[in-house]
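To start, the structure itself, in structure tokens.
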Amino acid sequence: MINSNTRRVTGLWLLMLLLTLTVVVLPRQHWLMLAVSVWLVTVVKGLWIIRYFMELNRAPLIWQRILQGWLILTVSAVTMTAIRQL
């Protein structure tokens with residue numbers, strides 16, 4: 001029998017897959033819009049992974065904030081590097 005947590009995680013995984021496919025089919029003409037979209041989707045997916053797949057939603061708030069900050073800094077640095085290469 002599948003419990004509600006398994007359904008939620010499966011639903012989140014499918015939603016992350018849909019977000020990835022959405023970014024893949026975005027037009028390449030508007031590179032700034034594409035970069036912002038990829039940044040946003042990556043941060044959202046990363047937050048979901050941190051909260052639900054790593055189960056940090058039960059961890060102390062300080063650990064959640066540390067990982068969320070790391071995620072935003074890392075994704076921002078990679079995105080800015082990619083934009084500078086264009």
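The values are calculated or read from the model by the stated rules, or taken from the named source; none is laboratory data. These numbers come from a predicted model, not from an experiment. Don't worry about glycine lacking a Cβ; one is built from the backbone with ideal geometry, like all the others, and counts go over all protein chains shown.
The residues in the range 39-77 that are surrounded by fewer than 16 Cβ atoms within 10 Å (Cβ to Cβ), over 25 Å from Arg7 (Cα atoms) and either touching a residue at least 60 places away in the same chain (Cβ under 8 Å) or of a type in the set (Phe, Trp, Tyr) (or both) can be counted, and the count is 2. Take Val36 and tell me if it is surrounded by 15 or more Cβ atoms within 10 Å (Cβ to Cβ) and modelled with pLDDT of 85 or more. No; evaluated as a whole, the condition is false for this residue. Condition test on Thr10, is it over 21 Å from Val75 (Cβ atoms) and of a type in the set (Val, Ile, Thr)? Judged against the criteria, Thr10 is a match.
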